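Visitor: Structure below; questions to follow.
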Number of protein chains: 2
Amino acid sequence: VGESVTGRVLGVLAAFTADRPELTLTEISRRAGLPLTTAHRIVGELTAWGALERVAGRYRIGLRLWEVGALAPRGLGLRESAMPFLEDLYEVTRQNVQLAVLDGTDAVYLERISGRGAVNVITRVGGRLPLHATGVGLVLLAHAPAELQERVLAGPLRRYTPKTRCDPGELRRVLAEVRRTGVAVTDGQIELVALSVAAPVFGQRGEVAAALSVVVPAEGTDPRAYVPAVRAAARAISRALGAPERFRSSEGRLTSHDPARMLGR
Amino acid sequence: VGESVTGRVLGVLAAFTADRPELTLTEISRRAGLPLTTAHRIVGELTAWGALERVAGRYRIGLRLWEVGALAPRGLGLRESAMPFLEDLYEVTRQNVQLAVLDGTDAVYLERISGRGAVNVITRVGGRLPLHATGVGLVLLAHAPAELQERVLAGPLRRYTPKTRCDPGELRRVLAEVRRTGVAVTDGQIELVALSVAAPVFGQRGEVAAALSVVVPAEGTDPRAYVPAVRAAARAISRALGAPERFRSSEGRLTSHDPARMLGR
């Protein structure tokens, strides 16, 4: 892709990241690996169209590209269907409620609703985190093709905290448990202070379309208190997406498993 | 722009709209005005990169473009700062809470939180509505450069309902009132059943960065009940954006104006 003009246009867009959302023309040219004159021409056309905006000599992603991106069915479309149920879940927990989808070997966060007093989380709407270390990631990975599971488990598996599970054998057992119970309960995987309860959201063809989680303070939390609310919300979103009835719930029943066991407590 | 390769790439992206979010290659080629072979090549490269996704022979905007779009400071960035206060406003109203920015002669909706029992609104995240007919639009227009105001008032001014204000003279009076009171109160402009209370959100340089509104049922609503909450939320978001103190509130005070007069009741 890199050699064609289309590839160069995409290279200019990819130069912008969450860490570097505003760039000078020189920075764009360097990050995209393009001669300054080429970068200048492409940036000019992108700015005229509204894909980029220029403010005080620096460029940033423009509102028009945000609008086009908002048409992605797996972006705002899915989020729109899920939003009322995410709101409900937020109301009863007042912590962090998150919705994520699988992309490559990452969980991409479509939505995060956080209370002002909620435990701090590092996720960002439009951001990515690895599958092995997050509740939503484990749910997505548990239902992913075996080939993807093997690729992820083959590593590298980043250690965020002393509690982060990085052992492929242990992760394999956790994934089986997630499939069996229909819920992932993890604590201290990304930050020691946070505990996550996550469940799968099913789409029209019965595929796992997304994963939903609440992230709450690990200290003094009994995850069992959150499991029914998370599973009920995931069911409701699955229904809104048109999932066949048999896919709306995993095999596990609310009473048939013990989140404390999943945490290794 | 249309003649260059960059222009063709943007033309392919612009072929997708909210009404037509999924397209065949033939449809893309027709809507972008490109020969089928050219469209085929560009679509292939966009799909390989993730800007488009192919599902069952049709193309749609891909998650990677959504991610890049999410970097737009006027898109999710602004939304992220505003979200906790939009949540607060939603909690106390349980209706529709909306955040919009000015783009060209439209209001572009960055966020909408709607209760399940809320009055129906036609807005959509990433969607546009004209400035003269919406509460957020009147706020944005009231603080826009005179040149833009004249351009909008020169029309065409679409009539959505018998109540939609389409008279330039009347709209000029309303805009002055919005500037004076710091709030726009409109009813039945887009749909007869809905009433909107909107206020400006100020940015770092004291500019109007966005507008915030609640949309509630027109029937039996006293808009005065919503004005303080909307203005307080707009102030809080302005503070979060780093607005200078003197810009956080317009001249009007809560007690100094009468929303009923703005409605012409």
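Visitor: Residue by residue through region A:1-10, note down the ones that are in a helix (DSSP H, G or I) and surrounded by fewer than 20 Cβ atoms within 10 Å (Cβ to Cβ). Before the answer, list the steps.
Guide: So in region A:1-10, the residues in a helix (DSSP H, G or I) come out as A:5-10.
Within region A:1-10, A:VAL5, A:GLY7 qualify.
Visitor: Which one is nearest to the other protein chains (Cβ to nearest Cβ), of the residues in region B:44-58 that are in contact (Cβ under 8 Å) with a residue 12 or more places away in the chain, of a type outside the set (S, T, N, Q) and under 29 Å from A:ARG58 (Cα atoms)? Let's see the steps before the verdict.
Guide: Here is the first cut: in region B:44-58, the ones in contact (Cβ under 8 Å) with a residue 12 or more places away in the chain are B:46-47, B:49-52, B:55, B:57-58.
Narrowing further to those that are of a type outside the set (S, T, N, Q): B:46, B:49-52, B:55, B:57-58.
Those left that are additionally under 29 Å from A:ARG58 (Cα atoms): B:46, B:49-52.
Values: B:LEU46: 7, B:TRP49: 5, B:GLY50: 8, B:ALA51: 7, B:LEU52: 9 Å.
Checking each candidate, the answer is B:TRP49.
Visitor: State the number of residues belonging to region A:11-38 that are part of a loop (DSSP other than H, G, I, E, B), within 30 Å of the chain's Cα centre (by Cα) and more than 8 Å from chain B (Cβ to nearest Cβ). Reasoning before the result, please.
Guide: Narrowing region A:11-38 to residues part of a loop (DSSP other than H, G, I, E, B): A:15-21, A:24, A:33-35.
The next check asks that each one be within 30 Å of the chain's Cα centre (by Cα); those that pass are A:15-21, A:24, A:33.
Within this subset, residues satisfying the condition of being more than 8 Å from chain B (Cβ to nearest Cβ) are A:15, A:19-20, A:24, A:33.
Summing the residues that are part of a loop (DSSP other than H, G, I, E, B), within 30 Å of the chain's Cα centre (by Cα) and more than 8 Å from chain B (Cβ to nearest Cβ) in region A:11-38 gives 5.
Visitor: If we scan region A:247-256, do we find a residue that is modelled with pLDDT under 85, open to solvent by less than 70 Å² (accessible area, probe 1.4 Å), farther than 21 Å from A:VAL97 by Cβ and hydroxyl-bearing (Ser, Thr, Tyr)?
Guide: There is at least one residue in region A:247-256 that is modelled with pLDDT under 85, open to solvent by less than 70 Å² (accessible area, probe 1.4 Å), farther than 21 Å from A:VAL97 by Cβ and hydroxyl-bearing (Ser, Thr, Tyr).
Visitor: In region B:122-131, is there at least one residue being buried (at least 22 other Cβ atoms within 10 Å of the Cβ) and modelled with pLDDT of 95 or more?
Guide: Checking region B:122-131: at least one residue is buried (at least 22 other Cβ atoms within 10 Å of the Cβ) and modelled with pLDDT of 95 or more.
Visitor: Determine the pairs where a residue that is in contact (Cβ under 8 Å) with a residue 40 or more places away in the chain, located within region A:14-28, has a partner that is surrounded by fewer than 16 Cβ atoms within 10 Å (Cβ to Cβ) with Cβ atoms under 8 Å apart, the partner being 6 or more residues away or on another chain.
Guide: That search, which allows pairs on different chains as well, returns A:ALA18/A:ARG124.
Visitor: Here is a follow-up. Scan (1) assigned to a helix (DSSP H, G or I); (2) farther than 30 Å from A:VAL201 by Cα; (3) more than 9 Å from chain B (Cβ to nearest Cβ) for the single condition A:ARG41 breaks and write down its number.
Guide: (3)
Visitor: Of the residues that sit in region A:197-238 and are basic (Lys, Arg) and under 18 Å from A:LEU140 (Cβ atoms), which one is modelled with the lowest pLDDT?
Guide: A:ARG205
Visitor: Restricting the search to region A:132-157, which residues are over 9 Å from the mean Cα position of the chain (by Cα), away from chain B (no Cβ under 14 Å) and among the hydrophobic types (A, V, I, L, M, F, W, C)?
Guide: A:ALA133, A:LEU138, A:VAL139, A:LEU141, A:ALA142, A:ALA144, A:ALA146, A:LEU148, A:VAL152, A:LEU153, A:ALA154, A:LEU157
Visitor: Show the residue pairs that are 6+ apart or on different chains and have beta-carbon atoms under 8 Å apart, the first residue being within region A:59-85 and at the interface with chain B (Cβ under 7 Å from one of its Cβ atoms), the second being assigned to a helix (DSSP H, G or I) and among the polar types (S, T, N, Q).
Guide: So the pair list comes out as A:GLY62/A:THR47.
Visitor: What number of residues in region B:151-164 are open to solvent by 30 Å² or more (accessible area, probe 1.4 Å) and among the aliphatic types (A, V, I, L, M)?
Guide: 2
Visitor: Of all the residues that make up region A:92-110, how many are facing chain B (nearest Cβ under 10 Å) and either under 15 Å from B:ARG79 (Cβ atoms) or open to solvent by less than 20 Å² (accessible area, probe 1.4 Å) (or both)?
Guide: Count: 4.
The values are calculated or read from the model by the stated rules, or taken from the named source; none is laboratory data. Only a predicted model underlies this, so the values are computations on that prediction, with no experimental measurement involved. Here the Cβ is made from the backbone with ideal geometry for all residues, glycine too, and neighbour counts use every protein chain on show. Areas reflect the complete protein model, heavy atoms only, side chains present, ligands, DNA and RNA absent. Shrake-Rupley method; radii C 1.70, N 1.55, O 1.52, S 1.80 Å.
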